[in-house]
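The structure appears below as structure tokens.
The values are calculated or read from the model by the stated rules, or taken from the named source; none is laboratory data. All figures in this text were calculated on a predicted structure; none of them were measured in a lab. Counting neighbours? That spans all protein chains shown, and the Cβs are built from the backbone with ideal geometry, glycine included. The area values use the complete protein model at the heavy-atom level, side chains included, leaving out ligands, DNA and RNA. Shrake-Rupley method; radii C 1.70, N 1.55, O 1.52, S 1.80 Å.
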Number of protein chains: 2
Amino acid sequence: MAASPKFALSLRRLSCSPGVVARYAPRYTPAAQVRWNTSNSATTSATTEPRQPDAEGGVKGKTAAAKAIKFTSDSYPELQRDSKFSQLTQDHVKYFQELLGSESAVIDGVSKDASEDIEPFNADWMRKYRGHSQLVLKPKSTEEVSKILKYCNDNLLAVVPQGGNTGLVGGSVPVFDEVVINMQRMNNIRSFDEVSGILVADAGVILEVADNFLAEKNHIFPLDLGAKGSCHIGGNVATNAGGLRLLRYGSLHGNVLGIEAVLPDGTIMDDLCTLRKNNTGYDLKQLFIGGEGTIGIITAVSILTPQRSQAMNVAYFGLESYEKCQEAFRAAKGHLSEVLSAFELMDGRTQKLLHKATGKKLPLEDEHPFYCLIETSGSNTDHDSEKLQNFLEHVMETEIVSDGVLAQDQTQIKELWACREGIPEILGHWGGVYKYDLSLPIADMYALVNDVRDRLTEAGLVGDDESHPVVDVVGYGHMGDANLHLNIPTRRFDKEVEKQLEPFVYEWVQGKSGSISAEHGLGIAKKAFIGYSRSETMVKLMKQIKNLYDPNGIMNPYKYI
Amino acid sequence: MAASPKFALSLRRLSCSPGVVARYAPRYTPAAQVRWNTSNSATTSATTEPRQPDAEGGVKGKTAAAKAIKFTSDSYPELQRDSKFSQLTQDHVKYFQELLGSESAVIDGVSKDASEDIEPFNADWMRKYRGHSQLVLKPKSTEEVSKILKYCNDNLLAVVPQGGNTGLVGGSVPVFDEVVINMQRMNNIRSFDEVSGILVADAGVILEVADNFLAEKNHIFPLDLGAKGSCHIGGNVATNAGGLRLLRYGSLHGNVLGIEAVLPDGTIMDDLCTLRKNNTGYDLKQLFIGGEGTIGIITAVSILTPQRSQAMNVAYFGLESYEKCQEAFRAAKGHLSEVLSAFELMDGRTQKLLHKATGKKLPLEDEHPFYCLIETSGSNTDHDSEKLQNFLEHVMETEIVSDGVLAQDQTQIKELWACREGIPEILGHWGGVYKYDLSLPIADMYALVNDVRDRLTEAGLVGDDESHPVVDVVGYGHMGDANLHLNIPTRRFDKEVEKQLEPFVYEWVQGKSGSISAEHGLGIAKKAFIGYSRSETMVKLMKQIKNLYDPNGIMNPYKYI
């Protein structure tokens, strides 16, 4: 076989020199610390991230006042404040101040001007959504949350539950004058059982804090995502976050064993079970997983955490077609089986743009239409390496992959991951990005990227110079989860581009029975589009649930369904 | 280290000779084929299985007419038929006959005597529950299920959804004259995607059929249990079955990706998603997983299936204390990590009774207070063996285990599994068994067995001769899932024993925040005891859901919550 020696050679001399590609390590800073730059926000439902926070947690480009962010009520003029909700008064504020005691627990913008202090809670980190809230509450206990909600419900005050405020669909910031209930002060780890691996923690514990705590106990949080330095585990559960470990450890619907939540009427749902098995009645907590704070506030979670793996390997390949990527995925499932922990897809265009924007050398010398990144993690380094070697020999000998490299140490692991994780940041290099987070059948996944590119190209919108708004149309994502990130890097946001994108993308996804929101949720951004992924019957049944739990509609209004 | 050579020796000469212990392979036959023997049923909520089906699917002991089984309405005199439900008429039957067309789809005991034909659908395989139904319907499509339910709802006819009728808590048989809706004719596999491993199948597909289908595709159903030859996957999902693969593959709440179900008013909930990720609204299907047919009938499921493992190893140990069992579990999680697929606990008494009842030689020569069985399954035989060898050396050198054997081939694997899987059958050897299926924190799990044994012993109920009703009090179960099977083999059912057991066992479990039903569900058997595992608030919230979906209460009445 001709291919095999070439690969073996690549394995011996990893072509990217150490330090050339530094691992992109996004650590989103808490809302309070994000600096903003001005933007002319897009009006599509696509997630727009003209500048992502950089590795240091800041944002590139010039700093601008938070007030430069457009109000959501202006971006969505069809949204009107629901007149059934009461206006906040000083009496309301006084009640909360007495209830919560501590001065730092209440940011009062009702009886005085506190807009600077409240702004970080009013706006999201993407600078796309901004509310008019005048009151932020930071309860310290489940009982306080209960009393807050009961009072709000009795007095028809609308509320927005808020965790780390790192969401991508505007779900965690107010639209009008909703009271922000921020969970950052409920941040205790309640218990950890080293035999069962079951962790119980307050909703406001930061994901990275939980994961670091578990690392000391040789366990791992079964969820990882870029915002781990800021996001709260309660928010993760409320949005059913997906992220990087889903392929291996499965979804939160399987891993979350119990939830403590407060319902709008103040009822504490004490379902903080620490058992793997408990078949005694309806599994109500599941409604709160992905419920986006619309039927209650999660105050604590109980979660099953796996043992931390001792060994890790990462390989990066070039492939000649999307069909070959699918074959590689099948082969990886077969050969790597229980140690496969990531199978990521990047098209050639993302890698070319990465090179163009950073000037850094890519791991493979030749260009390929597609690239895949595979990670294994297991308990035995030698075994994992051997499995990976067998897999590599197979995919090279059968010419499933054209070329590839295997990381030899931690530095190289980071370099290879940077080729995947660096994409979101780099796509903002030219201006803005239209981003769609989609689930599609694996076989069809990449065809959408081609169709969108053809469509925009035919409309004369794609090109290499300033006269064309669109730089390129690219695709990458969690192939192992059939989760595609369709991204359209642009020089400027453009109505014509938006007209070409929507509803085209959603109709395409609907045609393949896909999901218009794989892991980001609905929030405000996708609320209007749920019909592309759910039938009228399903939406009707969901509204029943909303009405059952929140008959006054005070929980996170104007969003979700 | 003294222990190490001894173990190495055991490894070389596996002490049980081939064929001595045949693997217990329970294959419960469908309801229609079960032969019954007479019994004086226990009246506790414990699952009583005086005779389990044997390996050939029959039941030992003399055959008796099904009519020998006591009616549930007699065993539970406090249950009264709800007078709001209509009585079945010939007009009703005529409607169903016209709707379903085929003669075999309706068993009509209303216009004629069909009690012999209906009896297998009226009674459960444990011979503990028996209803008075006069009508069995076997729809062939989701639309037929929809029309049946709408008609029943409009006419206030109570119904019982029925799968393979292999449940352990009386959930799948009627109490009074409920219409049985049996799903056996909806038995098509709808689709399978070899890349993603996602299977879509009708609810009435038998678990073993689904697993065999997947085996041909090199995949595995992420659930396995003794009744696999009869139980339906729809019933598995409706009862959130646990079984043997949960430790490795997790619960159905994580693996089921979509459900098609029919609500009492005939609405078809079309949530048959085939995506791993879909964050578009409340995850309503979760309510049907473990809902035991009380809010709708599952007609199809979409489920994520893993790759089938190529390699399997099984080891069996003797340990000197329950504390050592916990240490062994921790060591297994550490050393075997991703290939650990079962960690089962058996106390010494179960193994002694196994030997006593069968006369067969046990794998280890000496007696030990506790035994554990470990199974690994992975993609590489050599790697798994080496991991297991490392684990064995560790647990022997540190004297966590006292002795052990490792299976060398498939026959020996079966022999070792027989020491665990043979227990339920063998415990019925002396007459009957009081069985409890409990979740408890691992650290406390076995203490309950000791406490119950002490309690019954102090009451003078345990002994070696006929004057004592209780033979012994034993514990075994899925230690990896913290799921204990507390079993009390008896010579006869005895009121005094029952008085000692209940509510003592439930109060004990409640004191440890355990679950009174880990994997068997509530049905009739545990309905009255949910308060030991769920708060009043939770039960109230569950009843809200029941009322929301089934306001007329026609679905599986008299059961669950």
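A few remarks follow.
- Residue within the stretch B:318-330 that is open to solvent by less than 10 Å² (accessible area, probe 1.4 Å), in a strand (DSSP E or B) and either on the phi > 0 side of the Ramachandran plot or not assigned by TED's automatic domain parsing to the domain that holds B:LEU272 (or both) present: yes
- Selection count, the stretch B:340-376, where residues are farther than 17 Å from B:ASP481 by Cβ, open to solvent by less than 30 Å² (accessible area, probe 1.4 Å) and aliphatic (A, V, I, L, M): 4
- Near pairs, Cβ below 7 angstrom, 6+ apart or cross-chain, from the stretch B:469-490 (not assigned by TED's automatic domain parsing to the domain that holds B:VAL433) to any residue that is aliphatic (A, V, I, L, M): none
- Within the stretch B:452-473, considering residues that are farther than 17 Å from B:LYS495 by Cα and part of a loop (DSSP other than H, G, I, E, B), the one least open to solvent (accessible area, probe 1.4 Å): B:ASP465
- Single condition B:CYS273 does not satisfy, out of (1) surrounded by fewer than 24 Cβ atoms within 10 Å (Cβ to Cβ); (2) outside any helix (DSSP H, G or I); (3) outside the structural domain of B:LEU157 (by TED's automatic domain parsing): (1)
- Count - residues of the stretch A:276-310 that are within 28 Å of B:LEU484 (Cβ to Cβ) and outside any loop (DSSP other than H, G, I, E, B): 8
- For the residues B:ARG130, B:ARG81, the requirement of being touching a helix residue (DSSP H, G or I) at 6+ places or on another chain (Cβ under 7 Å) and of a type in the set (Lys, Arg) singles out B:ARG130.
- A residue that is open to solvent by 10 Å² or more (accessible area, probe 1.4 Å) and facing another protein chain (nearest Cβ under 10 Å) cannot be found anywhere in the stretch A:496-511.
- Residue count, the stretch B:288-321 (criterion: closer than 30 Å to B:ASP444 by Cα and within 12 Å of chain A (Cβ to nearest Cβ)): 4
- Each residue in the stretch B:263-287 was checked for being more than 7 Å from chain A (Cβ to nearest Cβ), of a type in the set (A, V, I, L, M, F, W, C) and out of contact with any Ser or Thr (no Cβ under 8 Å at 6 or more places or on another chain), and 1 of them qualify.
Table: residues versus (1) modelled with pLDDT under 95; (2) within 13 Å of chain A (Cβ to nearest Cβ); (3) farther than 29 Å from A:LYS277 by Cβ.
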{"site": "B:PRO363", "(1), (2), (3)": "no, no, no"}
{"site": "B:PHE370", "(1), (2), (3)": "no, no, no"}
{"site": "B:GLU393", "(1), (2), (3)": "yes, no, yes"}
{"site": "B:LEU416", "(1), (2), (3)": "no, no, no"}
{"site": "B:ARG420", "(1), (2), (3)": "yes, no, no"}
{"site": "B:ILE426", "(1), (2), (3)": "yes, no, no"}
{"site": "B:GLY432", "(1), (2), (3)": "yes, no, no"}
{"site": "B:SER439", "(1), (2), (3)": "no, yes, no"}
{"site": "B:LEU448", "(1), (2), (3)": "no, no, no"}
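- Any hit, the stretch B:138-148, residues being in the same structural domain as B:GLU98 (by TED's automatic domain parsing), of a type outside the set (Ser, Thr, Tyr), in a strand (DSSP E or B) and touching a strand residue (DSSP E or B) at 6+ places or on another chain (Cβ under 9 Å): no
- Subset of the stretch B:459-481 [aliphatic (A, V, I, L, M), modelled with pLDDT of 95 or more and closer than 30 Å to B:ALA342 by Cα]: B:VAL471, B:VAL473, B:VAL474
- Some residue of the stretch A:406-416 being touching a residue at least 40 places away in the same chain (Cβ under 8 Å), under 27 Å from A:ARG308 (Cβ atoms), in contact with a strand residue (DSSP E or B) (Cβ under 8 Å, 6 or more places away or on another chain) and not in a helix (DSSP H, G or I): yes
- Pairs where the first residue, in the stretch A:284-313, is open to solvent by 20 Å² or more (accessible area, probe 1.4 Å) and the second is of a type in the set (Phe, Trp, Tyr), C-beta under 8 Å, 6+ apart: A:GLU292/A:TYR560; A:PRO306/A:TYR249
- Looking only at residues in the stretch A:209-236 that are away from every other protein chain (no Cβ under 14 Å) and free of Cβ contacts under 8 Å to residues at least 60 places away in the same chain, the one that is farthest from A:ILE297 (Cα to Cα) is A:GLU216.
- When the stretch B:243-262 is filtered for residues that are touching a residue at least 60 places away in the same chain (Cβ under 8 Å) and facing chain A (nearest Cβ under 8 Å), only B:LEU246 remains.
- Spans of helices (runs of 4 or more DSSP H) in the stretch B:194-251 with at least 2 residues surrounded by 24 or more Cβ atoms within 10 Å (Cβ to Cβ): B:207-216, B:233-238
- Condition met for B:PRO489 (touching an Asp or Glu at 6+ places or on another chain (Cβ under 9 Å), crowded, with 20+ Cβ neighbours inside 10 Å, more than 14 Å from every other protein chain (Cβ to nearest Cβ) and in a loop (DSSP other than H, G, I, E, B)): no
- Residues that are assigned to a loop (DSSP other than H, G, I, E, B) and without any contact (Cβ under 8 Å) to a residue 24 or more places away in the chain do not occur anywhere in the stretch B:380-391.
- A:VAL195 being within 14 Å of another protein chain (Cβ to nearest Cβ), out of contact with any Phe, Trp or Tyr (no Cβ under 6 Å at 6 or more places or on another chain) and over 25 Å from A:HIS132 (Cβ atoms): yes
- The requirement of being within 12 Å of chain A (Cβ to nearest Cβ) and farther than 29 Å from B:ARG420 by Cα is satisfied by B:LYS540.
- Residues of the stretch B:168-194 that are within 30 Å of B:GLN307 (Cβ to Cβ) and touching an Asp or Glu at 6+ places or on another chain (Cβ under 9 Å): B:MET183, B:MET186, B:ASN187, B:ASN188, B:ILE189, B:ARG190.
- Residues (assigned to a helix (DSSP H, G or I), of a type in the set (A, V, I, L, M, F, W, C) and over 15 Å from A:PRO174 (Cα atoms)) located in the stretch A:88-137: A:VAL93, A:PHE96, A:LEU99, A:LEU100, A:ALA105
- Some residue of the stretch B:521-529 being in contact with a His (Cβ under 7 Å, 6 or more places away or on another chain), modelled with pLDDT of 95 or more, away from every other protein chain (no Cβ under 12 Å) and in a loop (DSSP other than H, G, I, E, B): no
- The one condition from (1) within 22 Å of the chain's Cα centre (by Cα); (2) closer than 19 Å to A:ASP283 by Cα that B:ILE545 does not meet is (1).
- The numbered conditions (1) modelled with pLDDT of 95 or more; (2) of a type in the set (Ser, Thr, Tyr); (3) farther than 23 Å from A:ASN236 by Cα are all true for A:SER337 except (1).
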